Amino acid sequence: MSSKFLKLVLILFLVNSLSGEDLFLPLPQNIKHNTKKAKLGKKLFLDVRLSGDETISCATCHSLQNYGVDGLKTSFGIRGQKGSINAPTVYNSEYNFVQFWDGRAKNLHEQAKGPIVNPIEMDSSFEKVVLKLSKDNSYKKEFNEIYSDGITIENIVNAIAEFEKTLITPNSKFDKFLRKEITLSKEEAEGFKLFKSKGCIACHNGINIGGNLFQKIGIFGKFKKDENVQTHDLGRFNVTKKEYDKFYFKVPSLRNIAKTAPYFHDGSIKTLNEAVKKMAYHQLGRFLKKDEIDKIVKFLHTLTGEINETE
Ligand code: HEC
Ligand code: HEC
C-alpha cells in the first residue's frame, strides 16, 4: 500500500473525529487589492490582442458572467483547435494552493503566462503581445501610471493576477450558514452531513472546499480503462515524471460547482449527480443510494455564491 493511501486513511480518521464545520471557512466579502492594477487586469483579461490572431481572450474560455467557465467538455483555442482538458473556473482561484489540474503553476502570476503562448490556446508570444499593446496609447498611459518599467510581460500578468484576486463569489448559502446567519433546509443539512460522514470532506475542505491538496482519481477502482488513458489523464505525473504521481490531480474547489458543468479534468461527466456517484465509488469505494446522492447534490447547490460582473 502506498504511503499516500495511508495518509488518506489517516485524514479520513481525523476528519471523523471533528465536527466538520471547523474544516471550512466562508469567503471574505471583500478582498484587499490594488484597484488600478485590477482595472487594468480586467481590460487585459477581456482583450483579444493577447492571442496570436486576435480572436480569443481569457474570457472566451473563462466567461465572467458564466461563473468563469465555457461550459464545454474541453475548450476551443485559436483557429478552432480543440483542447484536451476541461477549463476550470477562474473564480476563487486565488485560494487554490497551485494552479492548473496538475498544479504546474505555483500562482496566478505564473499561470497567466501559460495560455498566451500555448499553441492551441492563444498561440502568441510575449514579444508580440508587448509590441501590440505598446501601440495603444491608453494602455501605455495606464501601465506607466502603475509600473516604472511600463508595458512588460511581467507587468501584464501581474495586472491580470491582481484582477483575478477580485474574482471571489461571497455570500453563498453555505457561507451564510457558516457565519451562523441562516440555517440550511432539511435536505441540504442532510446532504452536508452525508458529505462529511461518507468522507468527501477528507479531500474537499478548507476555504475553497477543495483546492488545497493533490489526490489520485481512482483510489478504489480505475477511473478509465488502461487502453483509454491519454497523456492528460496522468495529471501530476506530467510535471514530476514520478510513477507514484500518475492520476494525481489538484482536488478541485467545489465552490459554484452547480454552475460549472461538465465535470472532471476531461469534462467527461455531464451532471452533478453523476459526478457525486462517481466520486463515492472511485474515491471512497462506496455505492451511494439515489436519495443520498440527491441530498449531497442539494448541499452542493448551497455552494453557489454571488458574482458581481457586468462586462
Ligand atoms: C482556449 C481556452 C482558454 C483560454 C484562452 C484561457 N484559458 Fe485559462 N484555462 C483553460 C484550460 C483548459 C485550463 C486547464 C488547463 C490545465 O489544467 O492543464 C485553464 C486553467 C486556468 C486557470 C487555473 C485554474 C485552476 O483552478 O487551476 C486559470 C487561473 C486560468 N486558466 C486563467 C486564464 C487567464 C488569465 C487567461 C488569459 C491570459 C486564460 N486562462 C486563457 C482554458 C483557457
Ligand atoms: C480522495 C480524495 C477525494 C475524495 C474522498 C472525494 N473527492 Fe471529489 N474530487 C477529487 C479529485 C482528485 C477530483 C478531480 C478528479 C478529476 O478531475 O479527474 C475531484 C472532483 C470532484 C468533482 C468535480 C469537480 C469539477 O470541477 O469537475 C465533484 C463534484 C466532487 N469531486 C465531489 C465529491 C463528493 C461529493 C465526494 C464524496 C462523495 C468526493 N468528491 C470525494 C478528490 C476527492
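The values are calculated or read from the model by the stated rules, or taken from the named source; none is laboratory data. Fair warning: this is a prediction, and the values are worked out from it, not measured in the lab. Methodologically, a virtual Cβ is constructed for each residue, glycine included, from the backbone with ideal geometry; neighbour enumeration extends over all protein chains shown. Heavy atoms of the whole protein, side chains included, go into the accessibility calculation; ligands, DNA and RNA do not. Shrake-Rupley method; radii C 1.70, N 1.55, O 1.52, S 1.80 Å.
Taken over the range 35-165, the convex hull of the Cα atoms encloses 101 Å³ per residue.
Accessible surface of the chain, 1.4 Å probe: 56 percent of it comes from carbon and sulfur atoms. Rounded to the nearest 20, the size of the Cβ-charge dipole of the range 35-165 about its Cα centre is 160 debye, with Lys and Arg at +1 and Asp and Glu at -1. Starting from the Kirkwood Rh over alpha-carbon pairs, what translational D in µm² s⁻¹ does the range 253-311 have by Stokes-Einstein at 25 °C and 0.890 mPa s? It comes out at roughly 199 µm²/s.
After finding the eigenvalues of the alpha carbon gyration tensor for the chain, what semi-axes result from the square roots of 5 times each, listed largest first in whole Å? Could you put the intermediate results ahead of the total?
Working: eigenvalues 246, 107, 56 Å².
They are 35, 23, 17 Å, listed from largest to smallest.
Compactness of the range 192-261 is given as radius of gyration and Dmax, 13.6, 38 Å, from Cα positions.
Of the listed residues T35, T74, T166, T55, the order by accessible area with a 1.4 Å probe, largest first, is T35, T55, T166, T74.
Calculate for the chain the 222 nm mean residue ellipticity that helices alone would give, adding -39,500 (n - 2.57) per DSSP H run of length 4 or more and normalising by residue count, nearest 500 deg cm²/dmol. Could the numbers behind the result be given before it?
Values: 12 runs with 118 residues, N = 311.
Taking each H run of at least 4 residues, the total per residue is -11000 deg cm²/dmol.
In the elastic network of the chain, a GNM with C-alpha springs shorter than 10 Å, the most mobile of G80, G114, G191 is G80. Each Cα pair under 8 Å and six or more residues apart adds its separation to the average, and for the chain the resulting relative contact order is 24 percent.
Relative contact order for the range 35-165: what percent, with Cα pairs under 8 Å and sequence separation of 6 or more? All intermediate terms of the calculation are to be shown ahead of the outcome.
On the way: 209 pairs, mean separation 40.6, N = 131.
Computed over the range 35-165, the figure is 31 percent.
Distance between the modelled labels on E54 and L23, one decimal in nanometres: 5.1 nm (7 Å Cα→Cβ projection). Placing +1 on each Lys and Arg Cβ and -1 on each Asp and Glu Cβ, with no other charges, gives the chain a dipole about its Cα centre of roughly 720 debye.
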